[in-house]
Amino acid sequence: MNGGKKPGEKRKLPGKRSAELLKLRNKYVPKAVFQVAPVFIDRGKGAIIEDVDGNEYIDFVGGICVLNAGQSNEFVISAIKEQLDKHLHADHNVTMYEVYMRLAEKLTKITPGNYQKQVLFSNSGAEGIENAVKIARRYTGRHGLICFEGAFHGRTAMTMGLTSQVRNYKYGFGPFDPGIYRFPFAYAYRAPFGLSADEYGEYCVAKIEESFKSYIASDEVAAIILEPIPGEGGYMVPPKNFIQGLRRICDKNGILLIDDEIQVGMGRTGKMWSIENYNVTPDIMVIAKSLGGGIPIAATVAKKEYMDAVPLSGLGGTFNGNPVSCAAALKVLEYYEKENLLQKAAKFGKMAMDRLEKMKGKYPVIGDVRGIGCAIGLEVVKDHKTKEPDAQMTSIILKECHEHGLIIMSCGAYHNIIRFMFPLVIKEDELRMGFDILENALKAQQK
Ligand SMILES: Cc1ncc(COP(=O)(O)O)c(C=O)c1O
């Protein structure tokens, strides 16, 4: 530590050195690239960050769900260093290397589906989704894609079309892929017509079935693509009948179910994949973010039969399955087993939910708290009855948290949902302290 502030202590943001760097940021980096806090990290360990001014923070963001295994995990770094000493890049299209196959083999074993699978690596979540769509379209020979309100699948030309939030991510960038059809997601807290969660789940499934008469014929639909628990959309936990209903529609109509596990997968819910909470097996799964422990990598996992439908050179890319990324990911997965991260997610999730439920009873701005394991969203509203989202209050609370040493961020189309993405290696006292800072920020707004 450099004489800066500890979590809980108020600090001025940006600090002196951060303010200097901010000038460079504003000069050389497009304003379109959003920033959560005016903080520049110098170093980090586990769930603790130190900024360039020597201030410490508890990290409730984890690089947006990338650091489930913790910041600068030594176990993972050792594998990265070992690989660095061997070779940095080969391009698997040119000369192949073992770590690529070992990771592919491992992922086929730990993803749902008792059949022969194959794995395609890429560099980002969006690229992983693009590949899933290519595979689904080629296998089915159909063009239609069904996606949902509240979805986030990326920022590339194709995935931007699948993403839901208009203003932030899509406005002025269209037109988008013409095969995309969007439907309501079973967002229980905001179910219309006074429907219960289950009734809304049923309604949303029925809406898709009806659409085969009025929007697109079922035999023109290649895939339904969803995040079982939408991350950017607001950590909404849908009822079981919604996800199971989608599976039924897919089975009945020869449609593939693409499961985007990029944000909420990798153990966050206490199960390795969020869809496992619904006893549903997807046809194609896309994994990224925490898979590489901080090194970019995405994986598209599918039945071999689907992969086989794509002809030679139809899939790939220069950096796909970079050896350093593969080495890191293999070690991340080993670390999950060694440290029982799934159990930790369930335990920390319970601690977090208990604490948040208590806060909900005390602070009227909290409209809803929901989640499974450590995949949790807290909705800030102006009024419990109208449920009117309160983006302004959310941003005041977050700023107060940042200034007291808690890195935390919001999500949702109305920017009123606080999401919790702390590393699953967080220590109990750090978790408690993080929630103390959040509670103090809520308390400060009561006066
Ligand atoms: C659910 C989900 N899908 C896809 C993406 C896109 O991933 P990337 O930013 O790595 O392209 C994200 C990123 O936040 C995501 O949360």
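Give a residue-ordered list of calculated ³J(HN,Hα) values for region 8-24 (Karplus: 6.51 cos²θ - 1.76 cosθ + 1.60, θ = phi - 60°; whole Hz; x for Gly, Pro).
After applying 6.51 cos²θ - 1.76 cosθ + 1.60, I find x, 8, 6, 10, 8, 10, x, x, 4, 5, 4, 5, 5, 5, 4, 4, 5 Hz.
Report the gain in length on full extension from A217 to A391: 0.36 nm times residue separation, minus Cα-Cα distance, nm rounded to one decimal.
The A217-A391 span can extend by a further 58.7 nm.
May I ask you to list the aspartates and glutamates whose Cα is less than 20 Å away from that of K362, ignoring any residue fewer than eight positions away on the same chain?
Cross-link targets: D354, E379, D383, E388, D390, E400, D436, E439.
Mind checking the full-extension length gain between D429 and F173? Use 0.36 nm per residue of separation minus the Cα-Cα distance, one decimal, nm.
87.7 nm
Taking 22 Å as R0, compute the FRET efficiency from the Cβ-Cβ separation of K360 and D383 and round it to 0.05.
Computed FRET efficiency for K360 and D383: 0.90.
Would you kindly state how much longer the chain becomes between K443 and V166 on full extension, computed as 0.36 nm times their sequence separation minus their alpha carbon distance, in nm to one decimal?
96.4 nm
What are the residues whose amide H is under 5 Å from the amide H of F185, where those residues sit 5 or more places off or on another chain and H is modelled from the backbone?
E149
Taking the Cβ of each residue in L333, L291 as the centre, tally the other Cβ atoms inside 10 Å and list the residues starting with the fewest.
L333, L291
May I ask you to evaluate 6.51 cos²θ - 1.76 cosθ + 1.60, the Karplus curve with θ = phi - 60°, for each residue of region 241-251 and list the ³J(HN,Hα) values in order in whole Hz, giving x for glycine and proline?
For region 241-251, the Karplus curve yields 5, 6, 5, 5, x, 5, 4, 4, 4, 4, 4 Hz.
If you place +1 on the Cβ of every Lys and Arg, -1 on the Cβ of every Asp and Glu, and leave all else neutral, what size is the dipole of the chain about its Cα centre, to the nearest 20 Debye?
800 debye
Take the cross-link list K240/K385; K5/K344; K240/K304; K6/K289; K12/K399; K347/K387 and give me the ones stretching past 19 Å between alpha-carbons.
Checking Cα-Cα distances, K240/K385; K5/K344; K240/K304; K6/K289; K347/K387 exceed 19 Å.
Set the Förster radius R0 to 51 Å, insert the Cβ-Cβ distance between R248 and A19 as r into 1/(1 + (r/R0)^6), and round the FRET efficiency to 0.05.
Here the calculated transfer efficiency is 0.35.
For region 356-415, what relative contact order do you get, as a whole percent, if you take Cα pairs closer than 8 Å and at least 6 residues apart?
Relative contact order, region 356-415: 20 percent.
Could you list the chymotrypsin sites (Phe, Trp or Tyr not before Pro) in region 148-190 that lie in coil according to DSSP, counting only those with at most 13 other Cβ atoms within 10 Å of their Cβ?
Qualifying residues, ordered by number: Y171, F173.
How large is ³J(HN,Hα) for each residue in region 133-150, as worked out from phi by the Karplus curve 6.51 cos²θ - 1.76 cosθ + 1.60 (θ = phi - 60°), to whole Hz, x for Gly and Pro?
Calculated HN-Hα couplings, in order: 5, 4, 5, 5, 5, 5, 5, 7, x, 10, 10, x, 10, 9, 9, 10, 5, x Hz.
Using the per-residue mean of other Cβ atoms lying within 10 Å as a proxy for protection, in what order, highest first, do the peptides 245-253, 53-61 fall?
Per-residue mean Cβ counts within 10 Å order the peptides as 53-61, 245-253.
Whose amide H sits under 5 Å from the amide H of G144, counting only residues 5 or more places off or on another chain, with H placed in the peptide plane?
V221, A222
Just so you know, all these numbers are worked out from the coordinates, no wet-lab data involved. What you are looking at is a predicted structure, and each value in this text was computed from that prediction instead of being measured. Here Cβ is always computed from backbone atoms with ideal geometry, including for glycine, and neighbour counts include all displayed protein chains.
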